[in-house]
Structure formats: C-alpha cells, structure tokens
Amino acid sequence: DTGVSQDPRHKITKRGQNVTFRCDPISEHNRLYWYRQTLGQGPEFLTYFQNEAQLEKSRLLSDRFSAERPKGSFSTLEIQRTEQGDSAMYLCASSSQFGALNTEAFFGQGTRLTVV
Amino acid sequence: AQTVTQSQPEMSVQEAETVTLSCTYDTSESDYYLFWYKQPPSRQMILVIRQEAYKQQNATENRFSVNFQKAAKSFSLKISDSQLGDAAMYFCAYRRGWGQGGSEKLVFGKGTKLTVNP
C-alpha cells in the first residue's frame, strides 16, 4: 500500500460545471476525511466517514457539495455548479480506529481545483 | 469550538541552526492531542510529532521536539540542526481524544512557512 491516493491531482473547470474528485484511502483504514485548503490557510474540515457512513459534515459543505463512500472503500467528493470561491486544494486523509488500535491521519497529495 | 493560532506566518533559519515555531490553542476539553504537520512544496501533509495532553513529558522525534505548556495552552515546535529538507509549511493541529465521540477531526492553524538558508 502506497498511502492515500487522490485523483486527479489538478482540475481546471469553468464556473457552473460539475466536478468529481476521488480518494483511495489506505486499505485497512476505516475512517476517511475531506478537508479544503485555500491559499495561505490551514486545511479546514469538510466531512468525515466511518466505513460507508457519513457521520459529520461541516457547515462549509454547502448544498452544492456531496460526498460518498460506497462500500467503505474509496470516496468521491462532487461539487455541482462550481463557483470561483470553490478554487482550493481538496485534501483527503484516512485513519483507523479499531478498539485499542488507532492511527493518526495520513494525507493524500490533494486535488488542486481551479474554477475559471 | 476549538481554535489553533500560529502567529508567525514566516520564519527563516540558517542550516544547522535551531528554530522554534509557536502555536497556541483554545479548548475546554481535557482529553486531546496536539500535532505538528509538515507540508513540503509537493503538498502532501506529513505528521512530524504528536503530543498527548495527559502526558507532562514533552514529545521528541529525532531533531524535532515540542514545548507543551498545558496551562498556557501553548505548543511550540523546536527544530534542531536545521536541514534544507526541513523547508516547508508547518501546521499546528488539535484533535480531541479518542473515544469522546464525533469524528476526531483535525483543527489546523494557518501555518508557518519555514525557509532554511544554506
């Protein structure tokens, strides 16, 4: 396992278009997180999955954003009707918590979204 | 809500010297963890060091050590014998303790850009 993988690495889209990003976590990790990072800022939490269940969403996640994690494996983050303010780096992280066996979050390299 | 503040947007250090990055945080929780993450220009966030709030002893990882002042809610990172590869954005982060419920998401500061001069 080579770590958390995100695809694509870069995406340029026109305002109003829909985009979808994919995250493949470390295979044995049951928790998956999405964060958004704008220029000059630290990452901000968007949403969290434990296995296939989406358990928490930030109020930053507007109605135009939706995330899924079917079968508790990979996850997708879709943004509908993109706006220029959506331009950011979207980071995925995974971790595990099984009883006493816990790991900290491992991050992917991110997807850089530019809305023009 | 928990907040993390990094008051130094940029820092620089000479190669082989020591540098300290500052971080303060605010929380009403008693069980939590604090982290320093490194984000090199390639953008993948890497965990540098972790501190459990219940531990009085400061964490160390090779050239990296922290000064954890729980009462002052301060958590600084010291990098000794700085190397060119240490150049990166450094983020201080907070997470609630395991088993408290919720996502245990990370709350990040805005980061400090560290430049290492040869």
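The values are calculated or read from the model by the stated rules, or taken from the named source; none is laboratory data. Model, not experiment: these values are computed from the prediction. All Cβ positions, even for glycine, are placed from backbone atoms using ideal geometry, and neighbour counts span all protein chains on display. SASA here: full protein model, heavy atoms, side chains in, ligands and nucleic acids out. Shrake-Rupley method; radii C 1.70, N 1.55, O 1.52, S 1.80 Å.
Can we say A:GLN109 is closer than 20 Å to B:MET45 by Cβ and either in contact (Cβ under 8 Å) with a residue 40 or more places away in the chain or of a type in the set (A, V, I, L, M) (or both)?
On the way: closer than 20 Å to B:MET45 by Cβ: yes; either in contact (Cβ under 8 Å) with a residue 40 or more places away in the chain or of a type in the set (A, V, I, L, M) (or both): yes.
Against the criterion (closer than 20 Å to B:MET45 by Cβ and either in contact (Cβ under 8 Å) with a residue 40 or more places away in the chain or of a type in the set (A, V, I, L, M) (or both)), A:GLN109 qualifies.
So that you can scan it fast, the table gives a plain yes or no per residue for (1) at pLDDT 95 or above; (2) charged (D, E, K, R); (3) open to solvent by 60 Å² or more (accessible area, probe 1.4 Å):
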residue: B:CYS23; (1), (2), (3): yes, no, no
residue: B:SER28; (1), (2), (3): no, no, yes
residue: B:TYR32; (1), (2), (3): no, no, no
residue: B:TRP36; (1), (2), (3): yes, no, no
residue: B:VAL48; (1), (2), (3): yes, no, no
residue: B:ARG63; (1), (2), (3): yes, yes, no
residue: B:PHE68; (1), (2), (3): yes, no, no
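When you go through (1) open to solvent by less than 90 Å² (accessible area, probe 1.4 Å); (2) at pLDDT below 95 one by one for B:ALA16, which number turns out not to apply?
Failing condition for B:ALA16: (2).
Which condition breaks for B:ILE79 when tested against (1) away from every other protein chain (no Cβ under 13 Å); (2) open to solvent by 50 Å² or more (accessible area, probe 1.4 Å)?
(2)
Looking at A:ARG69, is it in contact (Cβ under 8 Å) with a residue 24 or more places away in the chain and among the basic types (Lys, Arg)?
Working: in contact (Cβ under 8 Å) with a residue 24 or more places away in the chain: yes; among the basic types (Lys, Arg): yes.
So A:ARG69 fits the description; yes.
Out of all the residues in segment B:85-101, is one or more more than 30 Å from A:THR111 (Cα to Cα), free of Cβ contacts under 8 Å to residues at least 60 places away in the same chain and open to solvent by 20 Å² or more (accessible area, probe 1.4 Å)? Working first, answer last.
Narrowing segment B:85-101 to residues more than 30 Å from A:THR111 (Cα to Cα): B:99-100.
Imposing the further condition that a residue be free of Cβ contacts under 8 Å to residues at least 60 places away in the same chain reduces the set to B:99.
Still in the running and open to solvent by 20 Å² or more (accessible area, probe 1.4 Å): B:99.
Yes; the residues of segment B:85-101 include at least one that is more than 30 Å from A:THR111 (Cα to Cα), free of Cβ contacts under 8 Å to residues at least 60 places away in the same chain and open to solvent by 20 Å² or more (accessible area, probe 1.4 Å).
Kindly provide the set of residues from segment A:74-89 that are away from chain B (no Cβ under 14 Å) and either touching a helix residue (DSSP H, G or I) at 6+ places or on another chain (Cβ under 8 Å) or among the hydrophobic types (A, V, I, L, M, F, W, C) (or both), ordered by number.
Residues satisfying the conditions are A:PHE74, A:LEU77, A:ILE79.
Within the set of pairs 6 or more residues apart or between chains, which connect a residue that is under 15 Å from A:ARG69 (Cβ atoms) inside segment A:1-26 to a residue that is basic (Lys, Arg) and in a loop (DSSP other than H, G, I, E, B) with Cβ atoms less than 9 Å apart?
The qualifying pairs are A:CYS23/A:ARG69; A:PRO25/A:ARG69.
Residue-by-condition table, conditions (1) assigned to a loop (DSSP other than H, G, I, E, B); (2) within 14 Å of chain B (Cβ to nearest Cβ); (3) at pLDDT 95 or above; (4) out of contact with any Pro (no Cβ under 9 Å at 6 or more places or on another chain):
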{"position": "A:ILE12", "(1), (2), (3), (4)": "no, no, yes, yes"}
{"position": "A:GLN17", "(1), (2), (3), (4)": "yes, no, yes, yes"}
{"position": "A:PHE21", "(1), (2), (3), (4)": "no, no, yes, no"}
{"position": "A:GLY40", "(1), (2), (3), (4)": "yes, yes, no, no"}
{"position": "A:LEU61", "(1), (2), (3), (4)": "yes, yes, no, yes"}
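When you look at A:LEU46, is it in contact with a strand residue (DSSP E or B) (Cβ under 9 Å, 6 or more places away or on another chain), on the phi < 0 side of the Ramachandran plot, assigned to a loop (DSSP other than H, G, I, E, B) and within 14 Å of chain B (Cβ to nearest Cβ), yes or no? Full working, then the answer.
Values: in contact with a strand residue (DSSP E or B) (Cβ under 9 Å, 6 or more places away or on another chain): yes; on the phi < 0 side of the Ramachandran plot: yes; assigned to a loop (DSSP other than H, G, I, E, B): no; within 14 Å of chain B (Cβ to nearest Cβ): yes.
For A:LEU46, the condition - in contact with a strand residue (DSSP E or B) (Cβ under 9 Å, 6 or more places away or on another chain), on the phi < 0 side of the Ramachandran plot, assigned to a loop (DSSP other than H, G, I, E, B) and within 14 Å of chain B (Cβ to nearest Cβ) - is not met.
Of the residues A:ARG69, A:ARG22, A:ARG15, A:ARG36, only one is of a type in the set (D, E, K, R) and open to solvent by less than 20 Å² (accessible area, probe 1.4 Å); which? Step through it out loud before you land on a result.
Numbers: A:ARG22 fails: open to solvent by less than 20 Å² (accessible area, probe 1.4 Å); A:ARG15 fails: open to solvent by less than 20 Å² (accessible area, probe 1.4 Å); A:ARG36 fails: open to solvent by less than 20 Å² (accessible area, probe 1.4 Å).
A:ARG69 is the lone residue from the list that is of a type in the set (D, E, K, R) and open to solvent by less than 20 Å² (accessible area, probe 1.4 Å).
For segment A:80-99, name all the residues that are part of a strand (DSSP E or B) and open to solvent by 60 Å² or more (accessible area, probe 1.4 Å). Steps first, answer last, please.
Step one: of segment A:80-99, the residues part of a strand (DSSP E or B) are A:88-95, A:97-98.
Hit for segment A:80-99 is A:PHE98, nothing else.
Sort through B:MET89, B:MET45, B:MET11 and tell me the only one that's within 12 Å of B:LEU114 (Cα to Cα), within 11 Å of chain A (Cβ to nearest Cβ) and aliphatic (A, V, I, L, M). Quick ask: steps written out before the conclusion?
On the way: B:MET45 fails: within 12 Å of B:LEU114 (Cα to Cα); B:MET11 fails: within 11 Å of chain A (Cβ to nearest Cβ).
Result of the check over B:MET89, B:MET45, B:MET11: B:MET89.
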